[in-house]
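To keep things clear, I will list the structure first and then write my remarks on it.
The values are calculated or read from the model by the stated rules, or taken from the named source; none is laboratory data. For clarity, every value in this text was computed on a predicted model and none was experimentally measured. A quick note on method: Cβ atoms are made from the backbone with ideal geometry, for glycine too, and the neighbour counts reach across all protein chains shown. Keep in mind that these areas ignore ligands, DNA and RNA; they rest on the heavy atoms of the full protein, side chains included. Shrake-Rupley method; radii C 1.70, N 1.55, O 1.52, S 1.80 Å.
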Amino acid sequence: AGGDEQEPSPVQHADGVMMASEDPHAYAEFLEGERYFASDLAAAETHLAAAVAKDAASQIAWVHLAVVRAVRARSFTHAGVRAAVAHVTAPEVLPPYERRVFATLRLLANGNRKEALAAAKRARDEDRDDPVLWAMLAEAWDANDDVKQAVTCMQKSVDIAPDVGAMQISLAALRAKDGERAAAVQGLERYVDKHPDDVDAKLALAGMRQAH
């Protein structure tokens with residue numbers, strides 16, 4: 001490894017679990033980012049961005065930052081996602097889960113629609129209880145002009161993680177795109193009733209009601 005502090009490499013816990021960074025401050029920020037994923041995507045992104053600022057060689061943290069940005073922006077081709085993906089220069093050191101996610105992220109970000117769909121299916125088949133993998137598959141189906149399949153997959157993502165507002169908004173947008181605007185509005189209404197402080201969801205709901 002030499003003395004190059006930027007060389008990407010996997011780091012192991014004493015118990016053998018892969019760590020995101022050997023820098024304790026970067027790793028602490030990474031853990032905070034993970035903790036906030038289900039409840040506050042803005043905070044999750046802030047902490048993960050801090051993690052890669054402290055350790056730019058952390059391949060795992062860049063993948064997780066790309067995922068949070070994608071979910072928050074409701075787009076896996078968002079510029080912020082592509083920027084994070086570009087920093088993953090050594091995917092071979094990633095743990096299996098992050099490697100599968102990265103493979104799909106890179107294909108989606110680069111517009112390789114058919115390859116992205118195949119990669120997203122493989123990733124989903126490895127873990128059918130992960131809402132991010134279902135959301136990526138939904139985006140891949142949508143990119144391949146199959147909105148009904150996209151709705152089905154995003155519904156599965158929401159079923160697994162019902163409190164992630166960005167996924168609820170994505171599901172509503174796909175339903176509206178598939179001609180189910182009334183169902184989209186009703187679904188968002190139910191979510192907003194339970195999460196009255198979710199400003200993004202309330203704005204999305206207001207926009208859908210106006211369009212309706």
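Residue by residue through the range 86-96, note down the ones that are among the β-branched types (Val, Ile, Thr) and crowded, with 18+ Cβ neighbours inside 10 Å.
Val88, Val93
List the number of the failed condition for Leu137; all other conditions in (1) open to solvent by 10 Å² or more (accessible area, probe 1.4 Å); (2) among the aliphatic types (A, V, I, L, M); (3) over 17 Å from Trp62 (Cα atoms) hold.
Going through (1) open to solvent by 10 Å² or more (accessible area, probe 1.4 Å); (2) among the aliphatic types (A, V, I, L, M); (3) over 17 Å from Trp62 (Cα atoms) one by one, Leu137 breaks only (1).
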